[in-house]
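The values are calculated or read from the model by the stated rules, or taken from the named source; none is laboratory data. No experiment lies behind these values; they were computed from the predicted model shown. Counting neighbours? That spans all protein chains shown, and the Cβs are built from the backbone with ideal geometry, glycine included. Calculation scope for accessible area: heavy atoms of the full protein, side chains included, ligands and nucleic acids excluded. Shrake-Rupley method; radii C 1.70, N 1.55, O 1.52, S 1.80 Å.
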Amino acid sequence: DTEVTQTPKHLVMGMTNKKSLKCEQHMGHRAMYWYKQKAKKPPELMFVYSYEKLSINESVPSRFSPECPNSSLLNLHLHALQPEDSALYLCASSQAEGNGELFFGEGSRLTVL
Amino acid sequence: AQSVSQHNHHVILSEAASLELGCNYSYGGTVNLFWYVQYPGQHLQLLLKYFSGDPLVKGIKGFEAEFIKSKFSFNLRKPSVQWSDTAEYFCAVSFYNQGGKLIFGQGTELSVKP
């Protein structure tokens, strides 16, 4: 089992829907990450939060909106997504940004119809 | 831009065979090195890591990796694979000169036949 918890595990949404993915960790880590992973491909970094502030945005379209309410929680708000956004969305955390040793959640599998 | 390459896209082995998966990274000064494994339907898990010290590192489940600085390589090895090792393996490198951002290789799918 992983110590990074993601909900929901599966999500199906239409292109006009608004939904959110949630991530929680209680390891005291101060950096949290969102990655996108397509089948048989490596994870692609989307966002990094360090001490609850957005540190890195890898030129992600604005239809993805991250939020870090506190040091344990990370959300990804989704709006007006495209079918090509269907993927596994992974949350990860590390002791600090740049530490490199990431702990991953099981992911939220998103299907956009 | 810094990059990480894994030599093999798909490796098929019989049980008890030896395994070596290649990983090379572009020159970028000081690095931290990792191998992650993703079993079917499961989350990414850390197999082993190298930060400094002995270049031969041992990880979980009998895996080991050797950092060869002169070759910019960090190959993963296991003397005798099991069917349960069937998974996707990702090499990842954290480059100090990129703020420690973790860059993944393309992954190697390992299939072990019983």
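One table, with the values for the structure above:
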item: Given (1) more than 9 Å from chain B (Cβ to nearest Cβ); (2) closer than 21 Å to residue B:32 by Cα, index of the condition residue A:69 fails; result: (2)
item: Selection from region B:46-67 of residues that are closer than 17 Å to residue B:84 by Cβ, within 12 Å of chain A (Cβ to nearest Cβ) and surrounded by fewer than 16 Cβ atoms within 10 Å (Cβ to Cβ); result: none
item: Which listed residue is open to solvent by less than 50 Å² (accessible area, probe 1.4 Å) and touching a strand residue (DSSP E or B) at 6+ places or on another chain (Cβ under 6 Å), from A:73, A:81; result: A:81
item: Residue count for region A:19-44, restricted to those that are modelled with pLDDT of 95 or more and either exposed (fewer than 13 other Cβ atoms within 10 Å of the Cβ) or small (Gly, Ala, Ser) (or both); result: 1
item: Residue among A:60, A:12, A:4, A:48 that is open to solvent by 60 Å² or more (accessible area, probe 1.4 Å) and among the β-branched types (Val, Ile, Thr); result: A:12
item: Qualifying positions in region A:89-111 - assigned to a strand (DSSP E or B) and within 9 Å of the chain's Cα centre (by Cα); result: A:89, A:90, A:91, A:92, A:108
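Residue by residue, here is whether (1) of a type in the set (A, V, I, L, M); (2) under 24 Å from residue A:90 (Cβ atoms); (3) away from chain A (no Cβ under 13 Å); (4) not in a loop (DSSP other than H, G, I, E, B) holds:
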| position | (1), (2), (3), (4) |
| --- | --- |
| B:88 | no, yes, no, yes |
| B:92 | yes, yes, no, yes |
| B:100 | no, yes, no, no |
| B:110 | yes, yes, no, yes |
